[in-house]
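Inspection log for the structure reproduced underneath, given as C-alpha cells.
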Amino acid sequence: MRSQWSTFSHHLDTLTRSGLCTKQRSRRFIYYAVNWRETSNLVRFLTEDCCAKMHAEWAQSRQKLAATARTVAALIMNRRLAFVLNPTN
C-alpha cells in the first residue's frame, strides 16, 4: 500500500506545481484543493485552442467510418457480401 500512496502523492505534487491544485499543511496532514480557475483555463485551452482542429478532423473521420460501416451492414443484409463471409453461398 505504501507505493500507491507514494505515487498518489507524486501526482498531487505535480498538479500543485502546475497550478491546478493548491495545498495547505496542517500539522501532519496536507490538504489539497482544486484550483478551478486554472483547471477551467486548461480545459478551455485543450478544447478550443490546442486541439480544436484535431477534434474536428477526428469527428469527420468518425462520420466517414460510420458511413462505411452502414454501407457494409446494408450489403451484408442484402447478402451481397455473403460470399466473403461464407464462401459456401
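Structure summary
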{"read-out": "Near pairs, Cβ below 7 angstrom, 6+ apart or cross-chain, from the stretch 26-50 (within 16 Å of residue 16 (Cα to Cα)) to any residue that is β-branched (Val, Ile, Thr) and not in a helix (DSSP H, G or I)", "value": "33/22; 35/22"}
{"read-out": "Failed item in (1) part of a helix (DSSP H, G or I); (2) of a type in the set (D, E, K, R); (3) surrounded by fewer than 10 Cβ atoms within 10 Å (Cβ to Cβ), with residue 25 passing the rest", "value": "(1)"}
{"read-out": "Any hit, the stretch 14-24, residues being on the phi < 0 side of the Ramachandran plot and at pLDDT below 80", "value": "no"}
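The values are calculated or read from the model by the stated rules, or taken from the named source; none is laboratory data. Note that the coordinates shown come from a computational prediction; the quantities given were computed from them, not determined experimentally. Ideal geometry is used to build each Cβ from the backbone, glycine not excepted, and the neighbour counts take in all protein chains shown.
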